[in-house]
1. Checking the condition assigned to a helix (DSSP H, G or I) and among the aromatic types (Phe, Trp, Tyr), which residue from Phe113, Phe185 passes?
2. Quick check: is even one residue across segment 104-115 farther than 20 Å from Phe158 by Cβ, open to solvent by 50 Å² or more (accessible area, probe 1.4 Å) and of a type outside the set (Lys, Arg)?
3. Here's a check for you: in segment 185-222, which residue that is open to solvent by less than 10 Å² (accessible area, probe 1.4 Å) and either at positive phi or without any contact (Cβ under 8 Å) to a residue 24 or more places away in the chain (or both) is nearest to the chain's Cα centre (by Cα)?
4. Looking for whichever is buried (at least 20 other Cβ atoms within 10 Å of the Cβ), modelled with pLDDT of 90 or more, charged (D, E, K, R) and under 18 Å from Ile211 (Cβ atoms) here; the options are Lys254, Lys247. Which one fits?
5. Hey, does segment 340-361 have a residue that's of a type in the set (A, V, I, L, M) and within 36 Å of the chain's Cα centre (by Cα)?
6. Output yes when any residue across segment 258-269 is over 20 Å from Tyr449 (Cα atoms), open to solvent by less than 10 Å² (accessible area, probe 1.4 Å), of a type in the set (Ser, Thr, Tyr) and at pLDDT below 90, and no when none is.
7. Would you call Leu272 open to solvent by 60 Å² or more (accessible area, probe 1.4 Å) and either modelled with pLDDT under 95 or out of contact with any Leu (no Cβ under 9 Å at 6 or more places or on another chain) (or both)?
8. Hey, can you tell me all the residues within segment 356-371 that are in a loop (DSSP other than H, G, I, E, B) and either open to solvent by 50 Å² or more (accessible area, probe 1.4 Å) or closer than 17 Å to Arg314 by Cα (or both)?
Amino acid sequence: MKGIDMSATPPVYDLDPLFRPRTVAVIGASDNPGKLGYHVMKSLTEGGFQGDILPVNAKGGRVMGLSAFPSVEDCPPCIDLGIVVVPAAAVPSVLEQCIRKRVGGLVLISAGFKEIDDPAGARQQEALQAMAVANRIPVIGPNTFGMINLHHDLNASFTPEFSLAGKGGIALVSQSGGMSHLLAFLAMNQGIGFSKIIGLGNRLNLDFAEIVPYLTADPDTRVIALYIEGLDDPRPLLEAAESARGKKPILVYKTGAASKSDQASMSHTGSLAGRHEIYSGAFRQAGVLAVDGSQAMLDLGKALGVCPRPGGRRIAILTGQAGPGMAACDACEMNGLEIARFSSETQSAVDRLLPPLAMRTNPVDMGPAWYDSGAIQGIMRAVLEDEAVHGIILLMMYASANREVVPVLSGLLNEWRQRKPLVSCLVSPAGIWDEAVEELEAGRAVANYPTPERAAEAMAGLWRYACLSNTERRAM
């Protein structure tokens, strides 16, 4: 943002009032389902927020059973967060009131600023920005769906269903409300949890560079995921990412490689997408891990939130059926991983526990040992402890004869608990292994995927992150 110091370190603003408020005012609150202020109130009241909710409506009265105030200045003191859902023309007056009231931070959902074709919108946003910066009030938006802090039961958005998302370790920061909804709903269906979901919108005075340091220090966040369309100046973000290198993984999904996407970015967020290959190189240098799609972001975010960094690229594949093992092999090798050669001790243990008709070298087909829980556990333990193996991919497709395999392995996997990265593809019809797999994932014993290829690609992403975050590993 031109003419304003947007340095990422140290953070200019105190963001705790935004993300951990005790009192929230909804400016533009409404009982009318046709108004965004209704949906914001519903998000707060049905989302379990434990603090005070202050509806602000010019008519006063009551909104959703709560006493409403005709203006911000009529509210009780000590408002941490204000959520603004009034027409664009009313926003300057609201911001002035919030400044006088010493509101801690704002989520400015209102649209009609830099993103519109009329130059007056950009001029109004610049005036608002100058006011916010001069008075050191952090603002998410304008032109945003809002934000959610799952661990604080705070849904400061116009989508109440965000409160259904699981609590987890991935923080999503996005320029697109649509992508935030897509990723959140995909994650809900896949049992992937979030710490925060943040829609930056037009980035009045909070951009990626201001949010990344906060999330780096956030105890609820293990992985930072960024969806980017375009940046006015990428340098502050790259500096913030470099400062976070080795502390927490940062993923980025950057669209705008196609010329039409570049044009769409300008009309959507008011920023040009820029040269895609230049961004890719800059992200790599700053230790940011680029992904090439929505599902890839969720898959790798899940693995990074559960698994440690691998010490190398040599992978073991343990499978209950030969076919999925071969598919995982192909995916590993196509993504820069090596299929490990076991130590002589490990190979001897596998040979002893499996009959000669089985595939006993890596990948190991444990199918013939389905009925022998001791053999399955013995193979698994030998491979886990092999120093020649840097990561393990466990594959098991349900068949009636192997029903007890996953429950049998659960104790060992929970005991091992990711001393090396372990990802899996444990697939059964509904109601058979669901509970056992959910318990393994809840205990962070495995990161489970629906296909062998996605499990292998997640492991490859772990290795790429290890290379980015630790320069000594790049030559391995």
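1. Details: Phe113 fails: assigned to a helix (DSSP H, G or I).
Of the residues listed, the single one that is assigned to a helix (DSSP H, G or I) and among the aromatic types (Phe, Trp, Tyr) is Phe185.
2. no
3. Gly201
4. Numbers: Lys247 fails: buried (at least 20 other Cβ atoms within 10 Å of the Cβ).
None of the other options fit; the residue is Lys254.
5. Filtering segment 340-361 down to residues of a type in the set (A, V, I, L, M) leaves 340, 349-350, 353-354, 357-359.
Keeping just the survivors that are within 36 Å of the chain's Cα centre (by Cα) gives 340.
Checking segment 340-361: at least one residue is of a type in the set (A, V, I, L, M) and within 36 Å of the chain's Cα centre (by Cα).
6. Kept after step one, since they are over 20 Å from Tyr449 (Cα atoms), are these residues of segment 258-269: 258-269.
Going one step further and asking which of them are open to solvent by less than 10 Å² (accessible area, probe 1.4 Å), we end up with 265, 269.
Going one step further and asking which of them are of a type in the set (Ser, Thr, Tyr), we end up with 265, 269.
Now drop any that are not at pLDDT below 90, which leaves 265, 269.
Scanning segment 258-269 turns up at least one residue that is over 20 Å from Tyr449 (Cα atoms), open to solvent by less than 10 Å² (accessible area, probe 1.4 Å), of a type in the set (Ser, Thr, Tyr) and at pLDDT below 90.
7. Values: open to solvent by 60 Å² or more (accessible area, probe 1.4 Å): yes; either modelled with pLDDT under 95 or out of contact with any Leu (no Cβ under 9 Å at 6 or more places or on another chain) (or both): yes.
For Leu272, the condition - open to solvent by 60 Å² or more (accessible area, probe 1.4 Å) and either modelled with pLDDT under 95 or out of contact with any Leu (no Cβ under 9 Å at 6 or more places or on another chain) (or both) - is met.
8. Start the filter on segment 356-371 by keeping residues that are in a loop (DSSP other than H, G, I, E, B), which leaves 356-363, 366, 370-371.
Within segment 356-371, Pro356, Leu357, Met359, Arg360, Thr361, Asn362, Pro363, Trp370, Tyr371 qualify.
The values are calculated or read from the model by the stated rules, or taken from the named source; none is laboratory data. What you see is a predicted model, and the numbers here were worked out from it, not measured in a lab. Quick reminder, even Gly has a Cβ in these numbers, built from the backbone with ideal geometry, and neighbours come from all protein chains shown. What goes into the accessible areas is simple: the full protein's heavy atoms, side chains included, and nothing from ligands, DNA or RNA. Shrake-Rupley method; radii C 1.70, N 1.55, O 1.52, S 1.80 Å.
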